[in-house]
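Enquirer: This is the structure I have questions about; it appears just below.
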Protein chains: 2
Amino acid sequence: MKNKGVMFIISGPSGAGKGTLVKELLKYPENEVSVSATTRSPREGEIDGVHYHFLTVDKFHELMEHNGVLEYAQYCGNYYGTPSAQIDAWLSEGKNVILEIDVQGCRQIKAKRDDAVTVFIVPPSMEILEKRLRGRGTENDDVIAQRLLAAKGELEMAGEYDYVVVNGPIEECAADVMAIFKAENIKAQNRETMCELLGR
Amino acid sequence: MKNKGVMFIISGPSGAGKGTLVKELLKYPENEVSVSATTRSPREGEIDGVHYHFLTVDKFHELMEHNGVLEYAQYCGNYYGTPSAQIDAWLSEGKNVILEIDVQGCRQIKAKRDDAVTVFIVPPSMEILEKRLRGRGTENDDVIAQRLLAAKGELEMAGEYDYVVVNGPIEECAADVMAIFKAENIKAQNRETMCELLGR
């Protein structure tokens, strides 16, 4: 029988490099990433099933009523959430399932699934975080200042997470996260192994 | 400043392959293994400071009185214990310090050092354990039967440990343990990183 996979929640402030990290992690065949669902309209270039599952409000409600979302939130009148069906299918195939969600979403999931392992990604320094936020070149000084303040607030939440990983060079960060995945896979397999050994 | 190292306790039944595993782990420069102290006389071929630190009873008592042993036990009128000085020195150098000790010793250390990480090594199956015990060729059937019974009893203790690792092919087992070491190093570094980021 195949061992059950582990659900990994990845959070961290904007500019910590979560997106880049997840892309790097997806190079390993044992990792899968959950795609969120939303009721907002697709933006230019966004592909259904890749960037989001774009759902109608009725369909989203239906999912919620049938216990089909692990966590959800509303922003600007739209729903955003994590559908559970694909995640459960991957877990039963023994995959590592990665969820890139915020602290509030993480709390909702931990309340339902206490075996989810949580990883908080932080920048090497506040200076580097600022540089990364500016590097996008899309925001003015006021927005940058606001984002830095928000990031400081989010960093205070790191203590709620099982692991904190510093995202300096991306390959190192991905290797650190893969070591965590491996250790947690071993931990999850403990119970089964012991049952077999003791003939239970 | 260098990050503090982590203390890893490795236990498991006789025949699980702890000795072979520790030898494999010592190929990595970041790992060190604690050498036990004993008041028994050296056997042929045993080297002081390698197999054991061979101490007089007075010297052992002195260590105990000055809080210099992490755990100890008496067998057949001799003391066996884990001196702490070298361990603390390695930890402050950022090393992984490996202690190969039994379940009772592990309990004594966890009571003093709750940051010690505990790993229980198990054989892939009871059949393989029996084969390994017989493979040594030194014991008769009665002794083997006793050892197997003792091993079953010890396996019941696995639940007290942070991780259980199956020791099949030694390279895989060592890789699993190294992943655990890495994940736990990352965990230990969390606090420092967060303090720096938040300027505390």
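The values are calculated or read from the model by the stated rules, or taken from the named source; none is laboratory data. As the structure is a prediction and not an experimental result, all values here were calculated from the model. Note that we place each Cβ from the backbone using ideal geometry, even for glycine, and neighbour counts take in every protein chain shown.
Enquirer: Would you confirm whether any residue within the range A:174-188 is out of contact with any strand residue (DSSP E or B) (no Cβ under 9 Å at 6 or more places or on another chain), more than 11 Å from chain B (Cβ to nearest Cβ), at negative phi and among the charged types (D, E, K, R)?
Expert: Among the residues of the range A:174-188, not one is out of contact with any strand residue (DSSP E or B) (no Cβ under 9 Å at 6 or more places or on another chain), more than 11 Å from chain B (Cβ to nearest Cβ), at negative phi and among the charged types (D, E, K, R), which makes the answer no.
Enquirer: Here's a follow-up. Would you mind listing the strands (runs of 3 or more DSSP E) fully within the range A:65-184 where at least 2 residues are out of contact with any helix residue (DSSP H, G or I) (no Cβ under 9 Å at 6 or more places or on another chain)?
Expert: Working: elements: A:69-75, A:78-83, A:96-100, A:117-122, A:163-166.
In the range A:65-184, the matching strands (runs of 3 or more DSSP E) lie at A:69-75.
Enquirer: Filter the range B:122-161 for residues that are farther than 24 Å from residue B:101 by Cβ and of a type in the set (S, T, N, Q); which is farthest from the other protein chains (Cβ to nearest Cβ)?
Expert: B:140
Enquirer: Looking at residue A:84 and the list (1) surrounded by fewer than 16 Cβ atoms within 10 Å (Cβ to Cβ); (2) hydroxyl-bearing (Ser, Thr, Tyr); (3) over 25 Å from residue A:16 (Cβ atoms), which single condition is not satisfied?
Expert: (1)
Enquirer: Do you know which of the residues in the range A:48-81 that are farther than 26 Å from residue A:117 by Cβ and of a type in the set (Val, Ile, Thr) is surrounded by the fewest Cβ atoms within 10 Å (Cβ to Cβ)?
Expert: A:56
Enquirer: Determine which member of the set B:119, B:164 is modelled with pLDDT of 95 or more, within 11 Å of chain A (Cβ to nearest Cβ), within 16 Å of the chain's Cα centre (by Cα) and buried (at least 21 other Cβ atoms within 10 Å of the Cβ).
Expert: Numbers: B:164 fails: modelled with pLDDT of 95 or more.
After ruling out the rest, the residue left standing is B:119.
Enquirer: Looking at A:139, A:46 in this structure, which one is of a type in the set (Asp, Glu), modelled with pLDDT under 90 and over 24 Å from residue B:187 (Cα atoms)?
Expert: A:139
Enquirer: Mind checking which residues of the range B:54-96 are small (Gly, Ala, Ser), touching a strand residue (DSSP E or B) at 6+ places or on another chain (Cβ under 7 Å) and under 25 Å from residue B:183 (Cα atoms)?
Expert: Listed by number, the list holds a single entry, B:84.
Enquirer: If you don't mind, there's one more thing I want to ask. For a quick check of your reading of the model, give me the residue pairs whose first member lies in the range A:133-144 and is closer than 17 Å to residue A:12 by Cβ, whose second is assigned to a helix (DSSP H, G or I), with beta-carbon atoms closer than 6 Å and at least 6 apart or on different chains.
Expert: Between residues of the range A:133-144 that are closer than 17 Å to residue A:12 by Cβ and residues that are assigned to a helix (DSSP H, G or I), the close pairs are A:133/A:144; A:133/A:147.
Enquirer: If you go through the range A:110-132 one residue at a time, how many are in contact (Cβ under 8 Å) with a residue 12 or more places away in the chain and hydroxyl-bearing (Ser, Thr, Tyr)?
Expert: 1
Enquirer: Which of the numbered conditions does residue B:36 fail, given that it passes all the others? Conditions: (1) farther than 25 Å from residue B:132 by Cα; (2) touching a Phe, Trp or Tyr at 6+ places or on another chain (Cβ under 7 Å).
Expert: All conditions pass for residue B:36, except number (1).
Enquirer: Another question, then. Name every residue in the range B:162-194 that is among the basic types (Lys, Arg) and farther than 16 Å from residue A:183 by Cα, in order of residue number.
Expert: Within the range B:162-194, B:191 is the sole residue that qualifies.
Enquirer: Determine if the range A:38-49 includes at least one residue that is under 19 Å from the mean Cα position of the chain (by Cα), touching a residue at least 40 places away in the same chain (Cβ under 8 Å) and not in a loop (DSSP other than H, G, I, E, B).
Expert: Within the range A:38-49, one or more residues are under 19 Å from the mean Cα position of the chain (by Cα), touching a residue at least 40 places away in the same chain (Cβ under 8 Å) and not in a loop (DSSP other than H, G, I, E, B).
Enquirer: Restricting the search to the range A:149-159, which residues are over 15 Å from residue B:189 (Cα atoms) and surrounded by fewer than 17 Cβ atoms within 10 Å (Cβ to Cβ)?
Expert: Correct list: A:149, A:150, A:152, A:153, A:156.
Enquirer: Could I ask something else about it? Residues in the range A:81-102: is at least one of a type in the set (Lys, Arg), without any contact (Cβ under 8 Å) to a residue 24 or more places away in the chain and more than 12 Å from chain B (Cβ to nearest Cβ)? Lay out the reasoning, then the answer.
Expert: Start the filter on the range A:81-102 by keeping residues that are of a type in the set (Lys, Arg), which leaves A:95.
From the residues that got through so far, the ones that are without any contact (Cβ under 8 Å) to a residue 24 or more places away in the chain too are none.
So far as the range A:81-102 goes, no, none of its residues is of a type in the set (Lys, Arg), without any contact (Cβ under 8 Å) to a residue 24 or more places away in the chain and more than 12 Å from chain B (Cβ to nearest Cβ).
Enquirer: Assess whether residue A:95 counts as being of a type in the set (Lys, Arg), closer than 29 Å to residue A:164 by Cα and modelled with pLDDT of 95 or more. Before you say what the answer is, go through the steps one by one.
Expert: Numbers: of a type in the set (Lys, Arg): yes; closer than 29 Å to residue A:164 by Cα: yes; modelled with pLDDT of 95 or more: yes.
Yes, satisfied.
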